[in-house]
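A.B. asks: This structure is in structure tokens; I'll ask about it shortly.
The values are calculated or read from the model by the stated rules, or taken from the named source; none is laboratory data. Every value quoted in this text rests on a predicted model; they were computed, and no experiment measured them. Counting neighbours? That spans all protein chains shown, and the Cβs are built from the backbone with ideal geometry, glycine included.
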Ligand SMILES: *Cc1c(COP(=O)(O)O)cnc(C)c1O
């Protein structure tokens with residue numbers, strides 16, 4: 001089976017992990033900061049806080065922005081459930097903003113209309129979580145301008161998008177993760193993502209106080225910094241719990257793998273981009289909607305997704321690809337249609353663009369070690385599957 005995504009590990013990656021295993025620290029050691037610094041350097045972010053998953057990082061980000069049970073969070077229905085669940089962990093309410101065709105990202109025009117309506121009803125969200133679907137940045141300058149006008153905070157779910165960049169209205173390029181148009185940006189290092197640490201997440205921010213809060217909440221809400229304590233420190237063994245935190249720590253084993261992988265970030269994206277160009281030209285005249293890349297954007301190309309025209313039976317196409325040994329997938333089942341979310345009152349028809357897209361969506365294999373021969377087989381099989 002050719003999978004839809006998989007990690008690319010080098011001998012250097014393996015040696016980096018081995019070195020940690022032979023060192024003094026398996027967790028909370030020097031590899032964590034080295035990894036955080038590698039991600040900060042690659043994204044132009046001043047602060048980075050690693051965690052054991054992006055799901056944990058999203059939760060930490062919501063906590064740092066003081067999300068409370070009476071608050072609301074809006075995200076994209078076209079995402080993994082973690083983008084919405086993080087709000088529920090804080091007891092907040094979740095709602096969604098529909099997507100735009102082409103990029104399948106959160107539609108900034110739909111956001112504008114929904115914000116206007118919510119402002120009139122006194123029901124504005126505290127946080128909006130745009131998701132950079134497939135690796136392409138959302139329209140962050142516009143989303144940021146809209147959210148700022150209403151005092152709404154932004155957490156970017158950039159689980160797909162480390163190494164991506166976009167250009168603002170005055171032609172300046174920004175890396176996803178630099179947080180020029182958001183409060184916090186979260187990356188995932190799960191093995192199917194661009195760069196892996198086995199499991200792992202990391203939140204970047206330009207705000208030192210947000211970084212400090214996420215750092216403390218990642219480890220039980222505890223500090224060892226006398227300057228942060230109430231009253232006097234009792235001595236160098238002393239720590240204080242300042243808030244209710246979690247154990248969301250990443251191990252040094254994971255951090256070492258992540259830092260080693262980060263040295264190949266540009267290579268990974270170059271290889272993915274070249275493979276995508278082959279797909280894009282192969283499918284040029286096919287009855288499929290190809291992903292539309294905004295010209296000024298550099299996608300990290302986590303996913304290569306097609307949307308089949310409605311006359312095709314996606315399920316039959318999917319099954320025939322799988323039967324041929326091609327590990328196609330579907331990203332994403334709209335979050336609001338999950339049984340858990342339906343119980344909150346969501347139903348079919350709530351976000352028609354996300355639903356229409358889902359009905360035709362098909363994710364094709366894309367990862368750095370995919371060979372041209374394998375890719376050609378994917379293309380041939382798809383042609384046959386479409387009949
Ligand atoms: C993978 C993913 C997550 C969760 O990442 P983990 O590191 O597995 O917790 C969250 N959001 C999106 C969009 C993802 O693709």
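A.B. asks: Can you tell me which residue is nearest to residue 8 (Cα to Cα) among those in the stretch 247-264 that are assigned to a loop (DSSP other than H, G, I, E, B) and touching a helix residue (DSSP H, G or I) at 6+ places or on another chain (Cβ under 8 Å)?
C.D. replies: Restricting to residues being assigned to a loop (DSSP other than H, G, I, E, B) and touching a helix residue (DSSP H, G or I) at 6+ places or on another chain (Cβ under 8 Å), the top hit is 263.
A.B. asks: If you don't mind, another one. Is there a residue being modelled with pLDDT of 95 or more, assigned to a loop (DSSP other than H, G, I, E, B) and farther than 23 Å from residue 112 by Cα anywhere in the stretch 180-188?
C.D. replies: We begin by selecting, within the stretch 180-188, every residue modelled with pLDDT of 95 or more; these are 180-188.
Keeping just the survivors that are assigned to a loop (DSSP other than H, G, I, E, B) gives 180-183.
Of the ones still in play, those that are also farther than 23 Å from residue 112 by Cα are none.
The answer is no, given that none of the residues of the stretch 180-188 is modelled with pLDDT of 95 or more, assigned to a loop (DSSP other than H, G, I, E, B) and farther than 23 Å from residue 112 by Cα.
A.B. asks: Could I ask something else about it? When you go through 39, 20 one by one, which is the residue that is within 16 Å of the ligand (Cβ to nearest atom) and at pLDDT 95 or above? Explain how you work it out, then say what you get.
C.D. replies: Values: 20 fails: within 16 Å of the ligand (Cβ to nearest atom).
Exactly one residue qualifies, and that residue is 39.
A.B. asks: So residue 80 passes all but one of these: (1) surrounded by 21 or more Cβ atoms within 10 Å (Cβ to Cβ); (2) within 13 Å of the ligand (Cβ to nearest atom). Which condition number does it fail?
C.D. replies: The failed condition is (1).
A.B. asks: Also, quick follow-up: Restricting to the stretch 293-302, name every residue that is crowded, with 18+ Cβ neighbours inside 10 Å and either in contact with a strand residue (DSSP E or B) (Cβ under 8 Å, 6 or more places away or on another chain) or in a helix (DSSP H, G or I) (or both).
C.D. replies: 297, 298
A.B. asks: Across the stretch 191-245, which residue is nearest to the chain's Cα centre (by Cα) among those that are farther than 24 Å from residue 154 by Cα and in a helix (DSSP H, G or I)?
C.D. replies: The qualifying residue nearest to the chain's Cα centre (by Cα) is 228.
A.B. asks: Looking at (1) surrounded by fewer than 22 Cβ atoms within 10 Å (Cβ to Cβ); (2) touching a residue at least 24 places away in the same chain (Cβ under 8 Å), find the lone condition where residue 290 falls short.
C.D. replies: The number of the failed condition is (2).
A.B. asks: A further question on this structure: Please indicate, with yes or no, whether at least one residue in the stretch 337-356 is buried (at least 17 other Cβ atoms within 10 Å of the Cβ) and under 18 Å from residue 382 (Cα atoms).
C.D. replies: Taking every residue of the stretch 337-356 in turn, none turns out to be buried (at least 17 other Cβ atoms within 10 Å of the Cβ) and under 18 Å from residue 382 (Cα atoms).
A.B. asks: Moving on. Output the number of the condition that residue 85 fails; it satisfies all remaining conditions of (1) over 16 Å from residue 353 (Cα atoms); (2) within 15 Å of the ligand (Cβ to nearest atom); (3) crowded, with 21+ Cβ neighbours inside 10 Å.
C.D. replies: Going through (1) over 16 Å from residue 353 (Cα atoms); (2) within 15 Å of the ligand (Cβ to nearest atom); (3) crowded, with 21+ Cβ neighbours inside 10 Å one by one, residue 85 breaks only (3).
A.B. asks: Would you confirm whether any residue within the stretch 265-281 is out of contact with any helix residue (DSSP H, G or I) (no Cβ under 8 Å at 6 or more places or on another chain), within 30 Å of residue 36 (Cβ to Cβ) and in a strand (DSSP E or B)?
C.D. replies: Among the residues of the stretch 265-281, not one is out of contact with any helix residue (DSSP H, G or I) (no Cβ under 8 Å at 6 or more places or on another chain), within 30 Å of residue 36 (Cβ to Cβ) and in a strand (DSSP E or B), which makes the answer no.
A.B. asks: Among the residues of the stretch 126-153, which ones are in contact (Cβ under 8 Å) with a residue 60 or more places away in the chain, within 16 Å of the ligand (Cβ to nearest atom) and farther than 24 Å from residue 5 by Cα?
C.D. replies: Scanning the stretch 126-153 gives 127, 129.
A.B. asks: Could you look through the stretch 303-315, keep only residues that are part of a loop (DSSP other than H, G, I, E, B) and touching a strand residue (DSSP E or B) at 6+ places or on another chain (Cβ under 9 Å), and pick out the one that is surrounded by the most Cβ atoms within 10 Å (Cβ to Cβ)?
C.D. replies: 303
A.B. asks: Could you tell me whether residue 77 is part of a loop (DSSP other than H, G, I, E, B) and in contact (Cβ under 8 Å) with a residue 24 or more places away in the chain?
C.D. replies: Working: part of a loop (DSSP other than H, G, I, E, B): yes; in contact (Cβ under 8 Å) with a residue 24 or more places away in the chain: yes.
Spelling it out, residue 77 is indeed part of a loop (DSSP other than H, G, I, E, B) and in contact (Cβ under 8 Å) with a residue 24 or more places away in the chain.
A.B. asks: If you scan the stretch 109-132, which residues turn out to be under 24 Å from residue 61 (Cβ atoms) and assigned to a loop (DSSP other than H, G, I, E, B)?
C.D. replies: 123, 124, 125, 126, 130, 132
A.B. asks: Another question, if that's okay. Select from the stretch 155-183 the residues that are within 15 Å of the ligand (Cβ to nearest atom) and without any contact (Cβ under 8 Å) to a residue 40 or more places away in the chain and write down the one among them that is surrounded by the fewest Cβ atoms within 10 Å (Cβ to Cβ).
C.D. replies: Ranking the candidates gives 156 first.
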